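Written out below as structure tokens is the structure these notes cover.
Just so it is clear, none of the values below were taken in a lab; they were calculated from the coordinates. Remember, it's a predicted structure, so these values are computed and weren't measured experimentally. Virtual Cβ from ideal backbone geometry, glycine too; neighbours counted across all protein chains shown.
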Amino acid sequence: MYDFGSWEDHCHFHDQRDYVGLVAYCKDEVKRSPGDLYAAERLLQAFVLNGDFNDAIDFGATLEHDCPGRGMFSHHILDALFAIGKTEADFDWAEPPNIIRLDQRVSDSCYEFLRPKRKPRTLDDFHTELWLHDYVAFSDEELLHYLQRDDRFVVNGDSPLNAEITVVRKRKKAEQ
């Protein structure tokens, strides 16, 4: 059973950036509720936040093999792998995650998403509409700059938080 008051404790550890304390708290939480997948995911995240990348990978391996294909685990495992200079190929996945890397396919997907839309969209719209369950291996800042360099897009705003994006509309030539 989930302790609804524990979110305050988690927030406290996060606010204080006390990741050592967060790891200890989450370990205790998993010990008390070993079947709680959310408690396990919070411990996995705590390991990553604390820089315990090998612990995250080891604990994540057990979780991923017991519950394959859960993004809640694979995303933290990938964070740990990438933090120590490894790739997804360095992990024995029961079900490999889908990783989105910043390349032409990303801008093409963004273009196809925006093309039928009239109103500008935000970077969050791409995440929720295109890559909701995928691991996105680039920052919003990187995506924004990538789209700004692509002449198919009109980007209004310089910050990932306020940028609005549309596609360039081709005007019909005036009849003479």
Next on the checklist: Apply the a/c threshold of 1.5 to the C-alpha gyration tensor of the range 4-96 and tell me whether it is rounded, prolate or oblate.
Outcome noted: oblate
Item to check | R0 of 30 Å, Cβ-Cβ distance residue 72-residue 169: FRET efficiency to nearest 0.05 | outcome: 0.15
Checklist entry - Once the principal axes of the Cα atoms of the range 100-167 are found, what is the range along each, listed largest first in whole angstroms? => result 27, 24, 20
Next on the checklist: Give me the dipole magnitude in Debye, nearest 20, for the chain about the Cα centre, with unit charges on the beta carbon: positive for Lys and Arg, negative for Asp and Glu.
Outcome noted: 1360 debye
Checklist outcome for this item: Long-range amide H partners of residue 154, meaning residues 5 or more apart or on another chain whose placed amide H is closer than 5 Å, are 166, 167, 168
Item to check | the chain: angle of helix 71-83 to the longest principal axis, Cα-based, in degrees nearest 10 | outcome: 90 degrees
Checklist entry - What angle, in degrees between 0 and 90 and rounded to the nearest 10, separates the Cα long axis of helix 37-49 from the longest principal axis of the Cα atoms of the chain? => result 80 degrees
Checklist entry - Taking only Cα atoms, what is the 0 to 90° angle, nearest 10, from helix 104-114's long axis to the longest principal axis of the chain? => result 70 degrees
Checklist entry - Percent relative contact order of the chain, based on C-alpha pairs within less than 8 angstrom and at least six residues apart? => result 14 percent
Item to check | Geometric extent, Cα atoms of the chain - Rg, Dmax (angstrom) | outcome: 20.4, 78
Next on the checklist: Rounded, prolate or oblate for the range 23-67? Axes are the square roots of the Cα gyration tensor eigenvalues, ordered a ≥ b ≥ c, and the cut-off for rounded is a/c under 1.5.
Outcome noted: oblate
Next on the checklist: For residue 136, what residues show an amide H to amide H distance below 5 Å, using hydrogens built from the backbone and excluding near sequence neighbours?
Outcome noted: 100
